[in-house]
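Heads up, the thing below is written out as structure tokens.
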Amino acid sequence: MAPLLVILIIGGYVLYAGCFVIGIMAVYEFFKGFRAMDIHASYPIAVCAAIALYIIGLVQQQIAEGGDSESPFWYMVWFFAVVLASLLYLFKIEERKLEDALATITGIFYIIFFSYHIAMIAMMGDMEYLVWLVVITAFGTDIMAYFTGYALGKHKLCPKISPKKTIEGSVGGTLGSIILCGIFGFFFARPLLIHCLIIGLLGGIISQFGDLTASVFKRKMGIKDYGNLIPGHGGILDRFDSVLFTGPLVYYYLSALSFGAMSTWTY
């Protein structure tokens, strides 16, 4: 995991490129899981979609740096193209099933699009350093939930989805996320301390939804892990499943701040 930490520290375009690489690796693992169900999503469509999305992001960044307003137009075109390409994938009707197209669409939006929000935070200028909140809420919740559940856990949270998770661990993970985000805010973003605490609360909750969602997919696919790339953790997706949910949360919260929707809370 050390190289990923270095990428996070460097930030900027390096982090942007890192998100792209992680996205296409994770969607490969996701589609591989579907193959265990005899569902064959299109990895080439997913890769093309990722390339197009990140190019659009770079162009939008250049437009913003030039002083013009960004437009959602090309993102809407991208949404349309993804769905269209996935449905056209069915035209080899004798070889493919409806589930193949649906899995392709799901993988692109769930993996590629959700993870892209982290890349967008990396391009937010003065707020770029707040990308750490994505990692702190996701990994901090996971770590604190594990130790709290191990020490105090008695009541199962979702036994049919993840038998080892407990309600006590869930609460401990959320509290841990709030505390860790508060510490980060105190030392690195004091004017936004209250927002860091709020993100810690919301992120602590939604990161667990991300973890459980990935577990649901694995149970339906009949697999234990998405891969074995990271020793002790499984695949890329096994480690970043909660990040897929916290990334969009942090991005939209920070976007609301930057647009002034919550300006009365800033100081």
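Which of the residues that make up the range 53-67 are farther than 11 Å from A119 by Cβ and buried (at least 17 other Cβ atoms within 10 Å of the Cβ)?
Q60 - this is the single residue of the range 53-67 that is farther than 11 Å from A119 by Cβ and buried (at least 17 other Cβ atoms within 10 Å of the Cβ).
I'd like to check something: does the range 30-37 contain any residue that is assigned to a helix (DSSP H, G or I), touching a Cys at 6+ places or on another chain (Cβ under 9 Å), of a type outside the set (D, E) and surrounded by fewer than 20 Cβ atoms within 10 Å (Cβ to Cβ)?
There is no residue in the range 30-37 that is assigned to a helix (DSSP H, G or I), touching a Cys at 6+ places or on another chain (Cβ under 9 Å), of a type outside the set (D, E) and surrounded by fewer than 20 Cβ atoms within 10 Å (Cβ to Cβ).
Which residue, of I112, I108, I118, is touching a residue at least 40 places away in the same chain (Cβ under 8 Å), more than 19 Å from F217 (Cβ to Cβ), of a type outside the set (K, R) and not assigned by TED's automatic domain parsing to the domain that holds L237?
I118
Could you please let me know if V82 is assigned by TED's automatic domain parsing to the domain that holds Y28, in a helix (DSSP H, G or I), surrounded by fewer than 15 Cβ atoms within 10 Å (Cβ to Cβ) and β-branched (V, I, T)?
Here the answer is no, as V82 does not meet what is asked.
Check whether at least one residue in the range 217-229 is among the acidic types (D, E), part of a helix (DSSP H, G or I) and touching a helix residue (DSSP H, G or I) at 6+ places or on another chain (Cβ under 8 Å), and report yes or no.
Looking for residues that are among the acidic types (D, E), part of a helix (DSSP H, G or I) and touching a helix residue (DSSP H, G or I) at 6+ places or on another chain (Cβ under 8 Å), one finds none in the range 217-229, hence no.
Is it the case that some residue within the range 121-129 is closer than 15 Å to F209 by Cα and in contact with a helix residue (DSSP H, G or I) (Cβ under 6 Å, 6 or more places away or on another chain)?
The answer is no; no qualifying residue exists.
Would you be able to tell me the number of residues in the range 180-208 that are within 16 Å of S162 (Cα to Cα) and loosely packed, with under 15 Cβ neighbours inside 10 Å?
Residues meeting the conditions: 0.
Identify the single condition in (1) in contact with a helix residue (DSSP H, G or I) (Cβ under 8 Å, 6 or more places away or on another chain); (2) without any contact (Cβ under 8 Å) to a residue 60 or more places away in the chain; (3) assigned to a helix (DSSP H, G or I); (4) of a type in the set (D, E, K, R) that R96 does not satisfy, given that it satisfies every other one.
(3)
Taking L237 as the residue in question, decide whether it is without any contact (Cβ under 8 Å) to a residue 12 or more places away in the chain, in contact with a Phe, Trp or Tyr (Cβ under 7 Å, 6 or more places away or on another chain), at negative phi and of a type outside the set (G, A, S).
no
Which of the following residues is more than 26 Å from L257 (Cβ to Cβ), part of a helix (DSSP H, G or I), modelled with pLDDT of 95 or more and of a type in the set (A, V, I, L, M): V171, V134?
Of the residues listed, the single one that is more than 26 Å from L257 (Cβ to Cβ), part of a helix (DSSP H, G or I), modelled with pLDDT of 95 or more and of a type in the set (A, V, I, L, M) is V171.
C196 versus (1) touching a residue at least 24 places away in the same chain (Cβ under 8 Å); (2) more than 20 Å from the chain's Cα centre (by Cα): which is the lone unmet condition?
For C196, the failing item is (2).
I'd like to know if the range 58-72 contains one or more residues that are out of contact with any Cys (no Cβ under 6 Å at 6 or more places or on another chain), of a type in the set (D, E) and under 27 Å from A214 (Cα atoms).
Within the range 58-72, none of the residues are out of contact with any Cys (no Cβ under 6 Å at 6 or more places or on another chain), of a type in the set (D, E) and under 27 Å from A214 (Cα atoms).
Kindly provide the set of residues from the range 14-57 that are among the hydroxyl-bearing types (S, T, Y) and in contact (Cβ under 8 Å) with a residue 40 or more places away in the chain, ordered by number.
Across the range 14-57, the qualifying residues are Y16, S42, Y54.
The values are calculated or read from the model by the stated rules, or taken from the named source; none is laboratory data. Note that the coordinates shown come from a computational prediction; the quantities given were computed from them, not determined experimentally. Here Cβ is always computed from backbone atoms with ideal geometry, including for glycine, and neighbour counts include all displayed protein chains.
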